[in-house]
Amino acid sequence: MKLIICTFLLFLSTLVVAQKAELSEAEAISLFERYEQKGEDFNRKRELDSMKVYLAKLDALLPKIQDSSYIYRADLIRGAVLSRKTQTDRALEVLLKATEFFRLQEDYKNYYRGRFKIAYCYYYANQREDTKEVMLEILENKQYVDEDLATRALEKVGAINIELGMHQKNPELLKDAIKRISNAITINRKNNKYTELASNYGLIAEGYNQLKELDKVVQLLDSSIYFAKKADNLPEEGFALIKKGKLYTDQKKYDQATSSLSKAVKIYKDTDDIPLLLYAYGEQKKLFQKTQQYKAASELGDEIYTLAITQYNKRFADGVSEMRTKYKTAEKEREILEQRAEIAEKGLLLQERKYQIYGALSLALLFCFLGYLFYNQQKLKNRQLVKENKLKVALKEIEIQNKLQEQRLRISRDLHDNIGAQLSFIISSIDNLKYASKDTSNEFKDKLSYISEFTLSTIDQLRDTIWAMNKDEISITDLQSRTLAFIEKAKVAKQTVKFEFDSAIKTPIVFTAVEGMHLFRVIQEAINNALKYATPKTVKVNFSEKENTLILAVIDDGIGFEKEAVQLGNGLYNMQKRMDEINAHISINSKPSEGTEITVKFKILNANL
């Protein structure tokens, strides 16, 4: 509905501009500056549709304005619109051209406006250090910008220091961030900047949360929500609600956490803000896992995966890197050209002064100079060719990776749609045979039941394989959720057996798809063997870590066996083979009447310690 209203307003504004064919240049400039400010205001409120409306109004006024700088001022709004649409590579291309124009014109006010928007492109591309560098550059040159822009740069440096302080476990960075944002709050309170205050209080709450000063956090988040409502800024309100939900989850106040996160999800669904909706879903999934709502967590995980695939755009990060490379290359080329022009000017002055006396010598020097220029030009061309070749190789690698991903998705779809459907048809046919023939012997019916169960098991294995194929990486949380889902199925099949699951994992471990699948298969095989052969009363599954090593254990109190007297079967052999393939160690300890313990030790190479 909002988009329809904005489109209608755009249509009306176009008619108005068309009717004012006699509009003077001075009137056009006055309207342009008013619409430009409106575009900036809606950019701070993240209202993309309204930004588009005012960008169209700016474009409609440009033919009436002779000054070309207004084209690039409109491009600053255009870059912000593209950035909000997550088309960051295109946004950077527009903004870099505009800022280069303003730099050459020595229009530093608009130059640093553009640099600020470029910093946000870096931020959306997850390049935090580059963002911080640009924001600090703006603060060092704040005499060229207004108080509002300088304050927002100060806020963003504080926000990045909070992120870096969290990841690096650095309390000094967190304290610096709180100090910077507190200064910004003082300024924004003076100017009644409610949207900025909502963001400021949310950020400072996260800083105190990381410093474990939890008594201040809820009060600060409530202040963030208060100012977000006062500014009618739903995204900021939702962001603060997510933070409250996360805090309540950590404090095991699950009812309050459910309420906060549900409100945040509704806000981002209504505003169609997919990146923040994914963030809200992620916290909601953690809440479901904490409250043992594993089915809801699994379904939400599928929803997150679908949204992430829809939003994912490989050219996003690559495009940012490419545009930064182009920008830096252009800067170097410009510097070289300026140096060449300066050298040429000095050479001409020297030639004029000494032409009559040293004519022959000047001619020789001129030839040397031209040769030097030619040599430099050839060297520059060679460097450019090397860079272009590297870029071609990188683009080719990206193309191959994309094709491999498409092939993998196609194979997984074929497995699910074709082989899965065929196996389901086999099960249905077997069941029909079993019940259609009343005179069939029990032995024959048992064989049919065995085939049906084997086929069902094959379908489960197929689904597990598709699950692994559809992921580039598998986290420890994914592995634990998959294991818990398998245990739930085993509980239904063996209701006389008690299952226990325990996890002491605190490190965010990430596996490759192959490693994750092999570890899950070993856990699955160990549980199946216990249920099939050991007749246990209890089966325990433990996840733990020690000295950068992940330890998985499946323990039962069944009949056990004498390892030396029993030859390894296919199941145990396959477990050993799987662990050999991923450089993991497996040990099997069992004694008659004392049960069996199967332990896997996997070295953590990519732990985020």
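The values are calculated or read from the model by the stated rules, or taken from the named source; none is laboratory data. Model, not experiment: these values are computed from the prediction. Here Cβ is always computed from backbone atoms with ideal geometry, including for glycine, and neighbour counts include all displayed protein chains.
Given 584, 530, which one is assigned by TED's automatic domain parsing to the domain that holds residue 488 and within 21 Å of residue 473 (Cα to Cα)? Only one candidate qualifies: 584.
Is it the case that residue 98 is of a type outside the set (Lys, Arg) and either closer than 26 Å to residue 271 by Cα or outside the structural domain of residue 191 (by TED's automatic domain parsing) (or both)?
no
Scan (1) within 24 Å of residue 250 (Cα to Cα); (2) modelled with pLDDT under 90; (3) touching a Phe, Trp or Tyr at 6+ places or on another chain (Cβ under 6 Å); (4) surrounded by fewer than 23 Cβ atoms within 10 Å (Cβ to Cβ) for the single condition residue 194 breaks and write down its number. Exception for residue 194: condition (1).
Residue check: residue 557 meets all listed conditions (1) in contact (Cβ under 8 Å) with a residue 40 or more places away in the chain; (2) buried (at least 16 other Cβ atoms within 10 Å of the Cβ); (3) of a type outside the set (A, V, I, L, M, F, W, C) but one, namely (1).
Looking at 205, 228 in this structure, which one is over 19 Å from residue 175 (Cα atoms) and either assigned by TED's automatic domain parsing to the domain that holds residue 42 or among the small types (Gly, Ala, Ser) (or both)?
Residue meeting the stated conditions: 228.
Name every residue in the stretch 159-184 that is farther than 22 Å from residue 120 by Cβ and of a type outside the set (A, V, I, L, M), in order of residue number. Correct list: 168, 169, 170, 171, 172, 175, 179, 182. If we scan the stretch 361-380, do we find a residue that is touching a helix residue (DSSP H, G or I) at 6+ places or on another chain (Cβ under 8 Å), assigned to a helix (DSSP H, G or I) and modelled with pLDDT under 80? Yes, some residue in the stretch 361-380 is touching a helix residue (DSSP H, G or I) at 6+ places or on another chain (Cβ under 8 Å), assigned to a helix (DSSP H, G or I) and modelled with pLDDT under 80. Selection of strands (runs of 3 or more DSSP E) fully inside the stretch 507-609 by the criterion of at least 1 residues being at pLDDT 90 or above and among the polar types (S, T, N, Q) returns 538-546, 549-556, 585-591, 595-603.
Residue by residue through the stretch 193-231, note down the ones that are touching a residue at least 60 places away in the same chain (Cβ under 8 Å) and of a type in the set (D, E, K, R).
Selection gives 196 alone.
Scanning the stretch 105-123 for residues that are of a type in the set (Gly, Ala, Ser) and under 19 Å from the mean Cα position of the chain (by Cα) yields a total of 1.
Among the listed residues 545, 581, 562, 515, which satisfies the condition of being crowded, with 17+ Cβ neighbours inside 10 Å and farther than 25 Å from residue 489 by Cβ?
Criteria check complete, one pass: 545.
You will find that of 152, 189, 180, the residue that is in a helix (DSSP H, G or I), modelled with pLDDT of 90 or more, under 28 Å from the mean Cα position of the chain (by Cα) and assigned by TED's automatic domain parsing to the domain that holds residue 121 is 180 and no other. If you go through the stretch 56-71 and keep only what is free of Cβ contacts under 8 Å to residues at least 40 places away in the same chain and assigned to a helix (DSSP H, G or I), you end up with 58, 59, 62, 63, 71. Just to be sure, is residue 138 modelled with pLDDT of 90 or more and under 26 Å from residue 226 (Cβ atoms)? Taking the combined requirement at face value, the residue does not satisfy it. With a requirement of 3 or more residues that are at pLDDT below 85, the helices (runs of 4 or more DSSP H) lying completely within the stretch 232-332 that satisfy it span 234-250, 274-290, 294-311. Out of the residues in the stretch 104-127 that are surrounded by fewer than 17 Cβ atoms within 10 Å (Cβ to Cβ) and free of Cβ contacts under 8 Å to residues at least 40 places away in the same chain, state the one that is nearest to residue 69 (Cα to Cα). The qualifying residue nearest to residue 69 (Cα to Cα) is 105. Residue count for the stretch 22-55 under the criterion of being assigned to a helix (DSSP H, G or I), touching a helix residue (DSSP H, G or I) at 6+ places or on another chain (Cβ under 9 Å), small (Gly, Ala, Ser) and surrounded by fewer than 21 Cβ atoms within 10 Å (Cβ to Cβ): the result is 2.
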